[in-house]
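The values are calculated or read from the model by the stated rules, or taken from the named source; none is laboratory data. Predicted model, so just to flag it, every value in this text is computed and none were measured. Positions of Cβ are backbone-derived with ideal geometry, glycine not excepted, and every protein chain shown enters the neighbour counts.
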Amino acid sequence: MKSVIYHAFSQKEAKELDIQLPGAQQAEAFVRAFLKHSTSHMSQQAREDQLQRKAVVLEYVTRRKHKEKRKKSKGLSARQRRKLHLFDIKPEQQRYSLFLPLHELWKQYIRDLCGGLKPDTQPHMIQTKLLKADLQGALVSVTKSKCPSYVGVTGILLQETKHVLKILTKEDHLKVILKLNCVFAVEIDGFISYIYGSKFQLRSSEQSAKKFKAKGTADL
């Protein structure tokens, strides 16, 4: 048997040294050689003291996984949408008959929202539901306004923004009506509700969370 003081070695080195110790002795020799190689900066006595007092933590570095940051896709801004004319209604599409099915869908939507419109249904309940509903598709009339040319305009509401209603009349004319200083009437199944535009300057997405007063006033 060769007397060898060895360090941590590869399989190739082990073959060259021809180590043939019994299993337990071979394992002990390997551990001692490995510890000596791993703690070469320590003396033999310091190494023995270290082993008796606490465990020796051999070098082991955990690799941190780098999380890839996903870039959130940003939608188009309001200015970009206007520049691209995404919501413009083309002249060939401005036909009243084309949007009659939309009006029928809107009426069914309101009937479902109100749980069915019956003759004994309370008008104020319908009013409350309408104020929080999507009005695009409703039949809307301008009953009062500081602008005389607005009064009497009646048609299907195609688009609603914070300050403007776009109404398509039976004559296939698209009217852009400012909400400010206007009173609008919305009719469905014989029920007529009045909406004060000055108090209704909201985006469609904001209406459901808005609390409206029971009675409105308009400076006309």
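Please specify each residue of the range 170-199 satisfying the condition of being part of a loop (DSSP other than H, G, I, E, B) and in contact with a Cys (Cβ under 9 Å, 6 or more places away or on another chain).
Within the range 170-199, just N181 meets the criteria.
Which ones in the range 148-163 are touching a strand residue (DSSP E or B) at 6+ places or on another chain (Cβ under 6 Å) and either among the acidic types (D, E) or in a strand (DSSP E or B) (or both)? Passing the criteria: T154, G155, I156, L157, L158, Q159. Go through the residues of the range 134-154 one by one and say whether even a single one is modelled with pLDDT under 90, over 17 Å from H103 (Cβ atoms) and of a type in the set (D, E, K, R). For the range 134-154, residues modelled with pLDDT under 90, over 17 Å from H103 (Cβ atoms) and of a type in the set (D, E, K, R): absent.
Filter the range 138-174 down to the residues that are in contact (Cβ under 8 Å) with a residue 24 or more places away in the chain, among the hydrophobic types (A, V, I, L, M, F, W, C) and out of contact with any Phe, Trp or Tyr (no Cβ under 7 Å at 6 or more places or on another chain), then identify the one that is farthest from K90 (Cα to Cα).
Among them, the one singled out is C147.
Under the condition of being under 36 Å from the mean Cα position of the chain (by Cα), within 21 Å of M125 (Cα to Cα) and among the small types (G, A, S), the residues counted in the range 146-197 number 3.
Looking at the range 93-113, is at least one residue in a helix (DSSP H, G or I), more than 29 Å from the chain's Cα centre (by Cα) and of a type in the set (F, W, Y)? Yes, the range 93-113 contains a residue that is in a helix (DSSP H, G or I), more than 29 Å from the chain's Cα centre (by Cα) and of a type in the set (F, W, Y). Scan the range 120-132 and give yes if some residue there is in a loop (DSSP other than H, G, I, E, B), in contact with a Phe, Trp or Tyr (Cβ under 7 Å, 6 or more places away or on another chain) and within 15 Å of D189 (Cβ to Cβ), otherwise no. No; the residues of the range 120-132 include none that is in a loop (DSSP other than H, G, I, E, B), in contact with a Phe, Trp or Tyr (Cβ under 7 Å, 6 or more places away or on another chain) and within 15 Å of D189 (Cβ to Cβ).
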